[in-house]
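So the structure is just underneath, and the comments pick up after that.
Computed from the coordinates by the stated procedures, all read-outs in this text should not be read as laboratory data. On a predicted model such as this, the values are computed, not experimentally measured, just so you know. Note that each Cβ is placed from the backbone with ideal geometry, even for glycine, and that neighbours are counted across all protein chains shown.
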Amino acid sequence: MWATLKTALRAIRRNLLRSFLTMLGIIVGISAVIVGVSMGAGAKAEVDRQIASMGNNLLIVFSGNMSRGGVRGGFGMQPNLTERDYEALRREVPGIVGVSPEVRATAQVAAGNQNTSVGIWGVSADFAEIRSWKFLSGENFTDADVRSANKVCLIGKTTAAALFGEGVDPVGQIIRIRNAPFTVVGWLAPKGANAFGQDQDDVILMPYTSAMKRLTGDTKFRAFSIAAESAAAIPEATNQIAAILRQLHQITPDKEDDFSIRSQQEMSDFANANNRVMTVLIGAFAGISLVVGGIGIMNIMLVSVTERTREIGIRLAVGARARDVLRQFLIEAVLLSVVGGALGIAAGYWLAPMLTKFAGFPTLISNTSVLLAFSVSAVIGVVFGFFPALKAANLDPIDALRYE
Amino acid sequence: MEPIIKLENFRRTYRNGLLEVHAVRGVSLEIHAGEFVAVMGASGSGKSTMMNTIGCLDRPTSGRYLLDGVDVGSLNRDDLADLRNRKLGFVFQGFNLLSRTSALENVELPMLYSRPAVPGREQRRRALEALKMVGLADRADHYPNQLSGGQQQRVAIARALVNQPRVVLADEPTGNLDTRTSIEVMGVFQALNDQGITIVMVTHELDIANFAKRKIVMRDGFVRTDEPVSQRLHAAEALAKLEAEQKAVHLA
């Protein structure tokens, strides 16, 4: 076995440049696999982080049926969730720790001589807790603020920076939203971009009552954010929410829901679906490159078998069996592809951080992908090395010895 | 005593499209242990075909070939390989050493395919011993391109000997060598034969055949003559004579 390996190494070393060029296809393919998978994994990790930043064990109830007729609606659909729904959910759904309605508006906001257009969320006092908002300074508004529709608000880091300057604590300042003065009571800690690339920190949160009364004039909510006690409580809570809303909305059993319930998991799956497309695409390119690399190996192995016909003849004459010759050439092919694979993995380790650094793609090299790439390269060696090796093994010793 | 090599009405026919070529048309032959046989004949006489069969590289079309009592005709490819490995040693005209591989490793080659496997240290020991037998122990780590033709052929002989075969088969062993080294190689063969090793050698040079003990001449697929060598040459004497002749013309 050791002698076979030594022979294979010697054969590869004999034509170092040729061996390297042969490996190149595998190197490119394997590094593409490593980088591609790392991009997919990196994007998924990023999405998971973003989804996690939305809150813990989060359920969101949207107005309208988002999957009716296979078409996604949702945003922009006529709000149809009411104050009565809100109260009922709060009272009756077991296993939840918080419920917040949502109304949204986009408004021009000004402070001093600065102004900016910003998304305004009208929510309950539970919302900050449900969505895991932390405070840089100040504190959340209270249930009392909600009941009285007080003109108070929480301000995101980006919005605060636009109005007051970078790093200036806005708590206690007055901002004018559509000319109504609001007092900033809390400065929200940043969350970064969400799964769809929007800046989550360009935001103002205020009591939903204030938003409805002073800004939008809406009487219905577009969504509820609900936090379950635990991941285990989510399915039961989902069922209960659906049952309560169907009852309140007087939906007969033969009709579809006029709301949609999405869990955090579903949202992350949706966001990851895009990444999966990308991963599959890169995987396809990598696969093609690996096949081409494999054919390159096959080609060179065929050349090698022809070149070394006489050597094969000598080996057969002194007693090598067909399987000995087969094994020798197979090991050589596998060695070529595995060394190529190792170099490809090294290239992947080098390329992935470059991609992050210069193109901004999040990447994450997993041990699984390295192991996979390595096994794939070994398999390529076996598959594409087999035919040339078989050709070598089936040579007639007399013809092989006479070969010039 | 059982002969080592026994051919019984051996025939070998090649089919070339519709044409049948009768390379060997019925040869019966016995070679016993300790013999040194030279097989002669023009090209097309069937001597190479017979050697291929004796070397277990080929099988008879009809008739029987018994090597050391084993009927070769009934064996498959792997069994033939095994037989070549254990019972036969080959020496070729073109030396057929692996290039870029040291003399020692070349000699170790047959043991790579021995079963049961020979341990690495044992391989080395036996290879060195074989090199010593042909007088090349000090060149063990030389590569073929660092050796003269005669030395390369001696490495090949060491390779043929390393598995202690029953027979050493030599196919035109001096075909690529000059007169002097040819005689030296014959000296090696005679020394080995004196130690009891059986040698069958194909050659077309009468001078070379006369170093053997028995001479078989083939023509048209038949054995024409099969007789002891009457005036056997001895390598040491031949060498001395050659040197004297060369000295006379200031060659040496």
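Values as computed for the structure displayed
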{"read-out": "Vicinal HN-Hα couplings computed from phi for segment A:52-62 (Karplus, 6.51 cos²θ - 1.76 cosθ + 1.60; Hz; Gly/Pro x)", "value": "4, 5, 6, x, 10, 6, 7, 10, 10, 9, 9"}
{"read-out": "In Hz, Karplus ³J(HN,Hα) per residue of segment A:175-186 (6.51, -1.76, 1.60; θ = phi - 60°; x = Gly, Pro)", "value": "10, 10, 10, 6, 6, 8, x, 10, 8, 7, 9, x"}
{"read-out": "Percent RCO, i.e. relative contact order, over chain B, from Cα pairs under 8 Å lying at least 6 residues apart", "value": "26 percent"}
{"read-out": "For segment A:1-46 versus segment A:152-214, the gap between their alpha-carbon centres in whole angstrom", "value": "53 Å"}
{"read-out": "Chain A, relative contact order in percent, only Cα pairs under 8 angstrom and at least six apart counted", "value": "29 percent"}
{"read-out": "Cβ-based net charge around A:Arg214, under 10 Å, with every Lys or Arg adding one and every Asp or Glu removing one", "value": "+3"}
{"read-out": "Rg(Cα) / (2.2 N^0.38 Å) computed for segment B:5-248, rounded to two decimals", "value": "1.02"}
{"read-out": "Ranked by how many other beta carbons lie within 10 Å on average, peptides B:144-156, B:70-82 from highest", "value": "B:144-156, B:70-82"}
{"read-out": "Rg(Cα)/(2.2 N^0.38 Å) for the protein assembly as shown, N = residue count", "value": "1.70"}
{"read-out": "Residue among B:Leu88, B:Leu98, B:Leu18 with the largest mean-square fluctuation in a Gaussian network model of chain B, springs linking Cα atoms under 10 Å", "value": "B:Leu18"}
{"read-out": "Charge-dipole axis of segment B:5-248 as Lys and Arg at +1 and Asp and Glu at -1 on Cβ define it, positive-most pick from B:Ala240, B:Asn193, B:Ile208", "value": "B:Asn193"}
{"read-out": "Average beta-carbon neighbours from other chains, 10 Å sphere, peptide A:398-404", "value": "3"}
{"read-out": "Segment A:101-131 and segment B:1-72: distance between their alpha carbon centers, rounded to Å", "value": "101 Å"}
{"read-out": "Entries in B:Lys132/B:Lys213; A:Lys191/A:Lys213; B:Lys6/B:Lys213; A:Lys157/A:Lys191; A:Lys151/A:Lys213 that, when Cα-Cα distance is taken, lie over 20 Å", "value": "B:Lys132/B:Lys213; A:Lys191/A:Lys213"}
{"read-out": "Burial order of peptide ranges B:216-222, B:190-196, A:263-269 (average beta-carbon count within 10 Å, highest first)", "value": "B:216-222, A:263-269, B:190-196"}
{"read-out": "Semi-axis lengths (Å, descending) of the ellipsoid that matches the C-alpha gyration tensor of segment A:1-133", "value": "58, 21, 16"}
{"read-out": "Cβ-based net charge around A:Val152, under 11 Å, with every Lys or Arg adding one and every Asp or Glu removing one", "value": "-1"}
{"read-out": "Rotationally averaged projected area of segment A:81-257 (alpha carbon convex hull; nm²)", "value": "10.8 nm²"}
{"read-out": "Residue-averaged beta-carbon neighbours from other chains (10 angstrom radius) around B:157-165", "value": "1"}
